[in-house]
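Everything below concerns the one structure shown next.
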Amino acid sequence: MDKFTLPPPEEKPRYVERMFTAISRRYDLMNRIMTFGLDTLWRRTVVEMCALPPEGSLLDVATGTGDIAIEARRMYPHAHVVGVDLTQAMLDVGREKASSKVQFVQGDALSLPFADGTFDAVCSGFLMRNVRDIAQAFAEQRRVTRPGGRVVCLEITHPRSSVWRHVFRLYFLHVVPVLGEIIGGARDAYTYLPHSTLAFPDPDGLAEIMRQVGLRNVRYHIPIPGTVAIHVGEVW
């Protein structure tokens with residue numbers, strides 16, 4: 001295993017911003033390669049689970065290069081879609097891809113720059129392992145969601161099968177950093193990403209955090225091959 005020490009919580013925002021700035025231009029390519037293209041299906045499922053009204057409003061937190069937000073506009077052409085991210089370089093790539101179809105805003109997931117009850121749904125993809133306070137991130141998403149709306153979260157999880165879990169760990173911890181170095185010249189970034197999941201809550205633990213911040217009817221779906229979980233909670 002690569003020797004790697006995760007940054008302490010107080011340094012995590014600056015570390016994550018520098019990391020994503022460095023990989024912003026190769027981020028999409030690496031996602032397609034290291035997930036074998038499954039990330040596009042996962043993001044589509046996230047949008048479906050948001051259950052937007054046809055002309056509703058969606059906030060994609062940690063939008064990165066905008067893949068979820070762009071998919072939402074494709075599925076809901078009349079929706080108002082906003083993507084917020086800490087890293088300006090990622091937003092720049094997103095704006096190039098989305099043109100004017102998505103509104104991009106720079107902001108912190110732990111202090112979203114929106115009023116209470118602004119959106120019909122709020123979602124995130126691969127955000128929670130990068131924040132220093134998961135509960136606060138969910139609480140902010142709940143705050144800006146209207147009553148009757150949903151909060152949806154896509155995150156990495158470890159497969160439940162012991163054999164498949166072992167194979168996945170070998171791939172994620174050893175192969176992905178090599179791919180990151182070859183494709184993006186960023187081995188450190190793609191060493192951080194898998195290591196950030198080692199102490200991350202399992203799906204039941206993440207669901208409990210969502211309940212603790214006031215989300216209701218929390219449930220999750222683990223699509224094949226069992227390496228991600230998609231959680232959904234409702235705002236009442």
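So how many residues does the stretch 152-206 have that are closer than 13 Å to GLY226 by Cα and in contact with a strand residue (DSSP E or B) (Cβ under 9 Å, 6 or more places away or on another chain)? Count: 6.
Out of the stretch 62-115, which residues are of a type in the set (Asp, Glu) and either outside any helix (DSSP H, G or I) or touching an Asp or Glu at 6+ places or on another chain (Cβ under 8 Å) (or both)?
ASP67, ASP85, ASP108 - these are the residues of the stretch 62-115 that are of a type in the set (Asp, Glu) and either outside any helix (DSSP H, G or I) or touching an Asp or Glu at 6+ places or on another chain (Cβ under 8 Å) (or both).
Filtered by the rule that a residue be of a type in the set (D, E, K, R) and in contact with a helix residue (DSSP H, G or I) (Cβ under 9 Å, 6 or more places away or on another chain), the stretch 185-215 gives ARG187, ASP188. One residue stands out in the stretch 157-168 among those that are part of a loop (DSSP other than H, G, I, E, B) and not β-branched (Val, Ile, Thr): the one that is farthest from ARG129 (Cα to Cα), namely SER161.
Search the stretch 61-93 for residues being over 17 Å from THR145 (Cα atoms) and among the β-branched types (Val, Ile, Thr), and hand back the single one that is surrounded by the fewest Cβ atoms within 10 Å (Cβ to Cβ).
Residues of the stretch 61-93 over 17 Å from THR145 (Cα atoms): 64-68, 70-71, 73-78, 85-93.
The next check asks that each one be among the β-branched types (Val, Ile, Thr); those that pass are 65, 68, 70, 87, 93.
Details: THR65: 27, ILE68: 29, ILE70: 22, THR87: 23, VAL93: 19.
If we take residues in the stretch 61-93 being over 17 Å from THR145 (Cα atoms) and among the β-branched types (Val, Ile, Thr), then VAL93 is surrounded by the fewest Cβ atoms within 10 Å (Cβ to Cβ).
How about the stretch 169-218: which helices (runs of 4 or more DSSP H) wholly inside it have at least 3 residues that are closer than 28 Å to VAL151 by Cβ and hydroxyl-bearing (Ser, Thr, Tyr)? Please lay out each step first, then the result.
Numbers: elements: 176-184, 187-195, 203-212.
Output list is empty.
Number of residues in the stretch 132-147 that are over 19 Å from VAL81 (Cβ atoms) and either part of a strand (DSSP E or B) or modelled with pLDDT under 95 (or both): the value is 2. Every condition in (1) at pLDDT below 95; (2) touching a Cys at 6+ places or on another chain (Cβ under 6 Å); (3) not small (Gly, Ala, Ser) holds for ARG129 except the one numbered (2).
Answer with yes or no whether ARG150 is among the basic types (Lys, Arg) and in a strand (DSSP E or B). Criteria met by ARG150. Consider GLU55 carefully, then state whether it is among the charged types (D, E, K, R), assigned to a loop (DSSP other than H, G, I, E, B) and more than 29 Å from GLY226 (Cβ to Cβ). So GLU55 fits the description; yes.
Here is the figure for the stretch 1-48: residues that are outside any loop (DSSP other than H, G, I, E, B), more than 16 Å from the chain's Cα centre (by Cα) and among the aromatic types (Phe, Trp, Tyr) total 1. When residues in the stretch 36-60 are screened for being touching a Ser or Thr at 6+ places or on another chain (Cβ under 8 Å) and surrounded by fewer than 16 Cβ atoms within 10 Å (Cβ to Cβ), 0 of them pass. Per the conditions (1) surrounded by fewer than 18 Cβ atoms within 10 Å (Cβ to Cβ); (2) more than 19 Å from SER124 (Cβ to Cβ); (3) out of contact with any Phe, Trp or Tyr (no Cβ under 7 Å at 6 or more places or on another chain); (4) of a type in the set (Gly, Ala, Ser), the sole criterion not satisfied by ALA186 is (1).
Considering the stretch 1-34, and only residues there that are touching a residue at least 24 places away in the same chain (Cβ under 8 Å) and among the basic types (Lys, Arg), the residue that is farthest from GLU181 (Cα to Cα) turns out to be LYS12.
When ILE156 is tested against (1) surrounded by 23 or more Cβ atoms within 10 Å (Cβ to Cβ); (2) within 20 Å of ARG219 (Cβ to Cβ), just one condition goes unmet, and that condition is (1).
The values are calculated or read from the model by the stated rules, or taken from the named source; none is laboratory data. Source: prediction; values computed, not measured. So basically every Cβ, Gly included, is an ideal-geometry build from the backbone, and we count neighbours across all protein chains shown.
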